[in-house]
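J.: What follows is a single structure, and I will ask about it in a moment.
We did not get these values from a lab; they are worked out from the coordinates using the rules stated. This is a predicted model, so every value here is computed, not measured. Quick reminder, even Gly has a Cβ in these numbers, built from the backbone with ideal geometry, and neighbours come from all protein chains shown.
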Amino acid sequence: MFAASLGALLSHSIDYAGMFPPCSLALEPALQNQARYVRDPDAWMLNAFVLAVEQFDAAKQLLSQFDPTHPLRVAALGPRTANADAFLDALEEADTGIRALARYDVDLLSISHLEMFLPHDVDLASLKEARSIVGDLPVFWEAPPERAAQTAALLAEHNSDEDAATFGYKLRTGGVTADAFPTSPQIARVLVAAAKARVPIKFTAGLHHPVRQFRDEVKAKMHGFLNVLGAAVLAAEHQWDEQQTSEMLEDENAASLSFSNEVFAWREWKIATDRIKTGRELVISFGSCSFDEPREDLRALRLLRN
């Protein structure tokens, strides 16, 4: 059991990335986990399985664990490149792999979206060429937080010529070392820029726990996924500035957050459940190498019950 506002905030919010650090599982056990998760009562929180394009052929051999009622939904991860020319060449190759996998067995798998790093010299013309390559596939382009405002503006300009805002921003929110974690003001800058530009946003890494807290394994404070997702929808709803958004991201007190069927609240700020659903159209998901840890922490906070 859970409050409707929590359901709205976390519905299909977790992209399972079990093959990536710190879990770093091999492909087969990671897919075995995914096959179990799609059949779990908590599958309402599960989004896609993060799979690098170069692993597609190997994954085809392991699809017997899925069925048409419980298919494999893939978040395709493209290669990282250093400049615009290499980026477009790599995107062509990634698109070829994506189309081949999507045709392999339409009953057992689908491609949710593509994620790929955006080199600093990619401009509007390059993005238009990228769109011609990938067609209508949603794509989230990763860029570091210091390039957040300019990247959001570039994506917004591109999306303004499209029928749907299918190019989004991907922000890395942590890693396995302290220096991999952006500051709260840096994340706030991204959230505010994306909200103002109406650019879809997703997150990756470092969001294993619901509320911000110090973790000894990384010798740093890890951002909470309730802080980040909650701040994203509240910032858009109430037109927060970076300082207000950062204040919520910094909050380490779980009691500051409350969920009911009608509203989600952080301190005195509230958003109705139906408005959360609207906000989530632009606040998509976060990648996590664990699907169990976030749920265990939610149960420890008594936000999720068996």
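J.: Give me the net charge of residue 204's neighbourhood, meaning all other residues with Cβ under 10 Å from the Cβ of residue 204; Lys, Arg count +1, Asp, Glu -1.
T.: Details: positive: 170, 172, 202; negative: 15, 115, 142.
Computed value for this residue: 0.
J.: Any idea what the dipole of region 203-247 comes to, in debye rounded to 20, about its Cα centre with Lys/Arg Cβ at +1 and Asp/Glu Cβ at -1?
T.: Working: 4 positive and 6 negative charges, 51 e Å.
That gives region 203-247 a dipole magnitude of about 240 debye.
J.: Still on this structure, I have one more. Which of the lysines could be linked to residue 277 by a straight reach, that is with a Cα gap under 26 Å, when you skip same-chain ones fewer than 8 residues away?
T.: In chain and number order, the partners are 170, 196, 202.
J.: Let me ask another. Sorted from largest down, give the three principal axis spans of the alpha carbons of region 55-130, whole angstrom values.
T.: 42, 20, 15
J.: Take the Cα radius of gyration of region 203-306 and divide it by 2.2 N^0.38 Å, with N its residue count; two decimals is plenty.
T.: Numbers: Rg = 13.4 Å, N = 104, 2.2 N^0.38 = 12.8 Å.
Normalised by 2.2 N^0.38 Å, the Cα Rg of region 203-306 equals 1.04.
J.: If we sort 255-261, 73-79 on the protection proxy, mean other Cβ atoms within 10 Å, highest first, what's the order?
T.: 73-79, 255-261
J.: I've got another one for you. Could you tell me which residue out of 288, 214, 200 lies farthest along the dipole of region 200-292 toward its positive end? Charges go on the beta carbon: Lys and Arg +1, Asp and Glu -1, centred on the Cα centre.
T.: 288
J.: Is there a quick way to get the dipole size of region 137-234? I mean about its Cα centre, with the Cβ of Lys and Arg at +1 and of Asp and Glu at -1; what is the value in debye to the nearest 20?
T.: Numbers: 11 positive and 9 negative charges, 80 e Å.
Charge dipole, region 137-234, about its Cα centre: 380 debye, nearest 20.
J.: Treating only the Cβ atoms of Lys and Arg (+1) and Asp and Glu (-1) as charged, compute the dipole magnitude of the chain about its Cα centre; round to the nearest 20 debye. Each step should come with its number before you reach the end.
T.: Numbers: 29 positive and 43 negative charges, 172 e Å.
Roughly 820 debye, rounded to the nearest 20.
J.: Residue by residue, what Karplus-based ³J(HN,Hα) values in Hz, rounded to whole numbers, does region 154-161 have, using 6.51, -1.76 and 1.60 with θ = phi - 60° and x for Gly and Pro?
T.: 5, 5, 4, 5, 4, 5, 5, 9
J.: State, as an integer percentage, the relative contact order of the chain based on alpha-carbon contacts under 8 Å between residues 6 or more apart. Provide the component values of the computation, followed by the final result.
T.: Values: 577 pairs, mean separation 64.3, N = 306.
Normalised by residue count, the contact order of the chain is 21 percent.
J.: If you wrap region 1-144's Cα atoms in a convex hull and average its projection over all directions, what's the area in nm²? Can you show the working numbers first?
T.: Working: hull surface 39.4 nm².
Orientation-averaged projected area of the Cα hull: 9.8 nm².
J.: Compute the Rg to Rh ratio over the chain from the alpha carbon atoms, using the Kirkwood formula for Rh, and round to two decimal places. Walk me through the intermediate numbers first.
T.: On the way: Rg = 18.5 Å, Rh = 19.6 Å.
That ratio is 0.95, to two decimals.
J.: On the principal axes of its Cα set, how long, how wide and how thick is region 174-234? Give whole Å, largest value first.
T.: 36, 20, 17
J.: Just name one of 10, 62, 41: the one whose Cα is farthest towards the positive end of the charge dipole of region 3-150 (beta-carbon charges, Lys/Arg +1, Asp/Glu -1).
T.: My answer, from the dipole projection, is 41.
J.: Still on this structure, I have one more. How large is ³J(HN,Hα), in whole Hz, for each residue of region 62-68 in order, when computed from phi with the Karplus curve 6.51 cos²θ - 1.76 cosθ + 1.60 and θ = phi - 60°, using x for Gly and Pro?
T.: Taking θ as phi minus 60°, the curve returns 10, 7, 5, 6, 10, 9, x Hz for region 62-68.
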